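Just below is one structure, and these are the notes that go with it.
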Amino acid sequence: MKTIELIVPCYNEEKCISKFYDRVREVFSDMPECTFIITFVDDGSNDNTMDEIKKVEKRADAGKIQYISLSRNFGKESAMYAGLEKSVGDYVAILDADLQHPPELIKDMLDAIENEGYDCASARRVSRKGEPLIKSTLSRAFYHVINHITVIDLVPGSTDYRLMKRKVVEAIVSMAERERFTKGIYAWVGFKNKWVEYTPSKRIAGNTKWSIRGLFRYAYSGFLAFATTPLRIVIYFGMFIVFVAIGYAIYTFLGALHSTGERTGYASIIIIMLFLGGVIITILGMIGEYMARIYMEVKNRPIYFERESNIPDKKE
Ligand code: UDP
Ligand code: MG
């Protein structure tokens, strides 16, 4: 029998925990071919989330509920990592505690993995109804820009909600970078992924933890984690200014040959300023690119992941 482990990051979700468990139990009651474990990751909540988790643990069969409580609020990304690192299930899913990620989708996801040959299946929102206009507009802009300037391809409406095989989990855990951007990491590790579409429902209780400011910070860290193109733009901009300076110098020189007017020295100052400014910007961009490469190296990402192979593992 396959075990499906559900990793649930929780930050101040006291009102959701018990409802979440009931809903999951209901979903799995008509999936007799597998069992589930729920791993709650309490991300330093300052309400009664931990008590609620323990209550649910008592209510459930032994071993069904696991929990990790982090020493403070580290953010959802870190909470998800903690859960993945400790996960034991044959298949692992990550979903929110507020039931905005319907647990029913796991059936479709499991079907895709077991019968259609996929390694993982991810949920994709098809409607952003009920979300503030500003949030959905910003989000659309974010995907547009990030897909143009980074090496990875992000799908609009993609969420952190996905079910995956062990080897995908291991690949994600082996991306040991500190500054984590899960959507980008999902895209980076590759593997065969099926998109399962759903319409998000309202949060069952409590409030969203995302402020507009928080979302901006999230988007920014996404850019920094995967983007190097902006630095290229800086270099081109610097070079462009250098060319403008040279062009202007030639123009002034030719003009000076034909005119007999007084020399003010004004043009030479502009030319020198433009030229030096352009050179400095170009060099800054180049230094930036070196730093970006160092940053990528420091992350120490694996060079590749294996999907399948018939070469036995080397023994020491
Ligand atoms: N969350 C977390 N740590 C945080 C913020 C959020 O573990 O610092 C969890 C939260 O408890 C929820 C999930 O991440 O289970 C998604 O958060 P939320 O519902 O607030 O985001 P939204 O659905 O509004 O994007
Ligand atoms: Mg939510």
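Computed from the coordinates by the stated procedures, all read-outs in this text should not be read as laboratory data. Quantities reported herein were computed from a predicted structural model and do not represent experimental measurements. In this analysis, Cβ positions are derived from the backbone assuming ideal geometry, glycine residues included, and neighbour counts consider all displayed protein chains.
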Ranked GLU85, GLU289, criterion: other C-beta atoms within 10 Å, fewest first: GLU85, GLU289
Neighbour-count order for ILE172, ILE146, fewest beta carbons within 10 angstrom listed first: ILE146, ILE172
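Considering only DSSP states other than H, G, I, E and B, which GluC sites (Glu not before Pro) in the range 1-84 qualify as loop sites with at most 10 other Cβ atoms within 10 Å?
Working: sites: GLU5, GLU13, GLU14, GLU26, GLU33, GLU52, GLU57, GLU77; in loops: GLU13, GLU14, GLU33.
Here the sparse-neighbourhood loop sites are GLU33.
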Using a 7 Å offset from the Cα along the Cα-to-Cβ direction at both GLU308 and GLU104, what is the distance between the two label points in nm, to one decimal? 3.3 nm
State, to one decimal in nm, how far the label point of PHE240 lies from the label point of ALA176, with both points 7 Å from Cα in the Cβ direction. 4.2 nm
Mean-square fluctuation maximum in Gaussian network of the chain, Cα pairs under 10 Å, restricted to GLY277, GLY265, GLY238, hits GLY265
Residues whose placed amide H lies under 5 Å from that of ILE94, excluding near-sequence neighbours: ILE7, ARG162
Everything considered on the Cα gyration tensor (a ≥ b ≥ c; rounded for a/c under 1.5, else prolate if a/b is larger than b/c, else oblate), the range 102-239 must be described as oblate
With a ≥ b ≥ c the root eigenvalues of the C-alpha gyration tensor of the range 1-72, is it rounded (a/c under 1.5), prolate (a/b larger than b/c) or oblate? prolate
Where the only charges are on Cβ atoms (+1 Lys, Arg; -1 Asp, Glu), what is the dipole of the chain about its Cα centre, to the nearest 20 debye? 640 debye
Answer with one residue from ASN12, ASN48, GLY278: the one whose Cα lies farthest towards the positive end of the charge dipole of the chain, charges on Cβ with Lys, Arg +1 and Asp, Glu -1. GLY278
Separation of the range 174-189 and the range 241-281 by C-alpha centroid, Å? 48 Å
Calculated FRET value between ASP30 and SER127, using beta carbons and R₀ = 25 Å, to 0.05: 0.40
With point charges of +1 on the Cβ of Lys and Arg and -1 on the Cβ of Asp and Glu, referenced to the Cα centre of the range 76-211, which listed residue (VAL168, ILE185, LEU133) lies farthest in the positive direction of the dipole? LEU133
Give the calculated FRET efficiency between LEU215 and THR264 to the nearest 0.05, with a Förster radius of 41 Å applied to their Cβ-Cβ distance. 0.20
Sites GLU85 and ALA60, calculated FRET efficiency, Cβ-Cβ separation with R0 25 Å, nearest 0.05: 0.65
Considering the options THR252, GLY288, TYR236, tell which one lies farthest towards the positive end of the dipole of the range 201-288, charges being +1 on Lys and Arg and -1 on Asp and Glu at the Cβ, about the Cα centre. GLY288
Only helical DSSP H runs with n ≥ 4 go in: add -39500 (n - 2.57) per run for the chain, normalise by residue count and round the 222 nm mean residue ellipticity to 500 deg cm²/dmol. -16500 deg cm²/dmol
In debye to the nearest 20, how big a dipole does the range 167-227 give about its Cα centre with +1 on each Lys and Arg Cβ and -1 on each Asp and Glu Cβ? 220 debye
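Using the 10 angstrom Cβ neighbour count as an exposure proxy, how do HIS148, HIS101 rank, fewest first? Intermediate results must be reported in sequence, preceding the final value.
Details: HIS148 9, HIS101 24.
Fewest-to-most ranking of HIS148, HIS101: HIS148, HIS101.
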Estimated distance in nm for a label pair at THR208 and THR252, the labels positioned 7 Å out from Cα along Cα-to-Cβ: 5.4 nm
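Run through the range 248-316 and list the trypsin sites (Lys or Arg not before Pro) located in a DSSP loop whose Cβ has at most 13 other Cβ atoms within 10 Å. Intermediate results must be reported in sequence, preceding the final value.
Working: sites: ARG263, ARG293, LYS299, ARG307, LYS314, LYS315; in loops: ARG263, ARG307, LYS314, LYS315.
Answer in residue order: ARG263, ARG307, LYS314, LYS315.
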For the range 132-210, listing GluC sites (Glu not before Pro) in a DSSP loop whose Cβ sees at most 13 other Cβ atoms within 10 Å gives GLU179
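Quick one: longest stretch of the chain between exposed loop chymotrypsin sites (Phe, Trp or Tyr not before Pro), exposed meaning at most 15 other C-beta atoms within 10 Å and loop per DSSP?
Values: sites that count: TRP210, TYR304.
The longest uninterrupted stretch comes out as 1-209.
Charges only on Cβ, +1 for Lys and Arg, -1 for Asp and Glu: so what's the dipole of the range 230-316 about the Cα centre, in debye to the nearest 20?
Working: 8 positive and 7 negative charges, 8 e Å.
Result for the range 230-316 is approximately 40 debye, rounded to the nearest 20.
Just list whichever of LYS19/LYS55; LYS167/LYS194; LYS2/LYS64 have alpha carbons separated by over 22 Å in the model shown.
On the way: LYS19/LYS55 12 Å; LYS167/LYS194 16 Å; LYS2/LYS64 14 Å.
Cα-Cα > 22 Å for no pair; all within.
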